Amino acid sequence: MRRQRRPLIADMNLTNLIDVTFALLIIFMITAPLLTQGVKVELPKLTASSIETVNTIAITVMKDRTIYVEQDGKRNKIPLARFEEKFKELYSLAGEKPVVVNADKAVPYGIVMKVIGVLKESGVEKLGFLTDPAESRDAIQSLKL
């Protein structure tokens, strides 16, 4: 009496392997954001320093839409209508200096954007804005929800 042999099943059951893989994937996806947020870094304290005005061109926009351009201790009053041609002339003579814009908070946004557009057309690459630190801090605090 001979025993009958069954053919061997050579297929591997992958269901368990896939279940474990997905479980590990879900665990890593949940813990990865927590790991990056858990890093504590002590940032250095920032001390405010005054802006070096010797090598900059300062542009002040007043409430009445007059513009003052201060360069090397000289202050020139320029009406808004002639600002583009006058600034291009001054900037070409001054060389590539950084420009600092100081606009009154009552000046309309469009006027400040016109000034920035003229600066961009004139080739200004380094541009900064002056603000009142106390007012800026209060504005940021009021924006926090």
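Values computed for the structure shown
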item	result
First in the stretch 6-22 and touching a residue at least 24 places away in the same chain (Cβ under 8 Å), second anywhere and surrounded by 10 or more Cβ atoms within 10 Å (Cβ to Cβ), Cβ under 9 Å, 6 or more apart	none
Extreme residue, farthest from VAL69 (Cα to Cα), among residues of the stretch 100-145 that are among the basic types (Lys, Arg) and at pLDDT below 85	LYS144
All positions within the stretch 1-29 that are among the polar types (S, T, N, Q) and surrounded by 10 or more Cβ atoms within 10 Å (Cβ to Cβ)	THR21
Residue list for the stretch 60-81, restricted to those being basic (Lys, Arg), closer than 16 Å to ALA103 by Cβ and either at pLDDT below 85 or crowded, with 16+ Cβ neighbours inside 10 Å (or both)	LYS63, ARG65
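The values are calculated or read from the model by the stated rules, or taken from the named source; none is laboratory data. Just so it is clear, the model here is predicted, and its values are computed rather than measured. Note: ideal-geometry Cβ built from the backbone for every residue, glycine included; neighbour counts use all protein chains shown.
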